[in-house]
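Undergrad: Below are the structure tokens for one structure; questions will follow.
Read-outs throughout are calculated quantities, based only on the coordinates presented, and are distinct from any laboratory measurement. The structure presented is a predicted model; accordingly, all values stated were derived computationally and were not measured. As a convention, Cβ positions derive from the backbone with ideal geometry for all residues, glycine included, and neighbour counts pool all protein chains shown.
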Amino acid sequence: MQSPEGLAPLLPKEVKPMMKTNSELANKGIERILELSADAHIRRRGTIKGSPEFHNLTGAIAAYGRTLALLTGLQQWEALRGNDRAA
């Protein structure tokens, strides 16, 4: 018969979740979109106003803004939903 101490090295001391929460994923997404948007703003400043590249970057910046609005809205909804569950 084996003692419980003999199994101790095989048992995990702390279990970490495999999946990230929705808010963690949203935060990572928001950070990345902010980086991309900042890069697009910097690149757009270096282009000729009215050029095709300028317009493409303007469209990308607008899309980043819409995506940020969506992700922050989802975060707010999740926070409200979590508060409703706690009540």
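Undergrad: When you scan the range 24-55, how many residues do you find that are among the polar types (S, T, N, Q) and assigned to a helix (DSSP H, G or I)?
TA: Of the residues in the range 24-55, 2 are among the polar types (S, T, N, Q) and assigned to a helix (DSSP H, G or I).
Undergrad: Report yes if Gly50 is among the small types (Gly, Ala, Ser) and on the phi > 0 side of the Ramachandran plot, otherwise no.
TA: yes
Undergrad: Restricting attention to the range 42-57, report how many residues are of a type outside the set (A, V, I, L, M, F, W, C) and loosely packed, with under 14 Cβ neighbours inside 10 Å.
TA: 8
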